[in-house]
Amino acid sequence: QVQLVESGGGLVQAGGSLRLSCAASRSIFYIRAMGWYRQAPGNQRELVATISSGGMTNYADSVKGRFTISRDNAKNTVYLQMNSLEPEDTAVYYCHLIGSGTWGQGTQVTVSS
C-alpha cells in the first residue's frame, strides 16, 4: 500500500508563504490524481486543490490566485505553494491519493495576524 508523508508546515505571519510537500512511498503519480485538503478545529475537512495525472488543476475559491499545486512524477512528490497566507488558512493540511482511502498524516499550518 502507498504511504504519503507531508512536510513543510509551520508558523508564518499573515502575508507570508509556505510550501508543502507530499512524498509517496512508491511511484503512483503518473496514473493517479492527487489532492490537498485541510481541516481547521471544529470544521469539516475541505478540498484545497487537486491535480490530475496530466497536470490539470482545480482550486477552492478561497485559495484561487494564492495557492499553486504542482507535481513532480520523477520524485513521487506533490507540492502546494501557498502565498499571501491569511489567518483563515490555519489548519492541518493533508494530501490524498484521489479515488483511494490513502491519506497522509497531516502537517500543521498556522498563520498569525
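The values are calculated or read from the model by the stated rules, or taken from the named source; none is laboratory data. Owing to the predicted nature of the structure, the values given are computational and were not obtained by experimental measurement. Neighbour counts run over all protein chains shown; Cβ positions are idealised from the backbone, glycine included. These accessible areas exclude ligands, DNA and RNA; they are computed on the full protein's heavy atoms, side chains included. Shrake-Rupley method; radii C 1.70, N 1.55, O 1.52, S 1.80 Å.
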## Note on the structure
The alpha-carbon pair-distance distribution computed for segment 1-49, with 10 angstrom bins and whole-percent values, is 19, 45, 29, 7
## Note on the structure
In segment 1-108, taking the dipole from +1 charges on Lys and Arg beta carbons and -1 charges on Asp and Glu beta carbons about the Cα centre, the listed residue (F67, W36, S53) farthest towards the positive end is S53
### Task
Note down the nm distance, to one decimal, between modelled labels 7 Å out along Cα→Cβ at N83 and at L11.
2.6 nm
### Query
Using a 1.4 Å probe on the protein chains only, how many percent of the accessible area of the chain belongs to carbon and sulfur?
47 percent
### Task
At most 12 other Cβ atoms within 10 Å plus a DSSP loop assignment makes a site exposed; report the longest stretch of the chain without any exposed trypsin sites (Lys or Arg not before Pro).
65-113
#### Entry: Residue-normalised accessible area of the chain, given per residue in Å² at a 1.4 Å probe
51 Å²
### Query
Zone of S113 (label point 7 Å along Cα→Cβ, backbone N under 13 Å): which residues in segment 84-101?
86-90
#### Entry: Diffusion coefficient, µm² s⁻¹, Stokes-Einstein with Kirkwood Rh over alpha-carbon pairs of the chain at 4 °C and 1.567 mPa s
93 µm²/s
#### Entry: Dipole magnitude of the chain, debye to nearest 20 (Cβ charges: Lys/Arg +1, Asp/Glu -1, about Cα centre)
340 debye
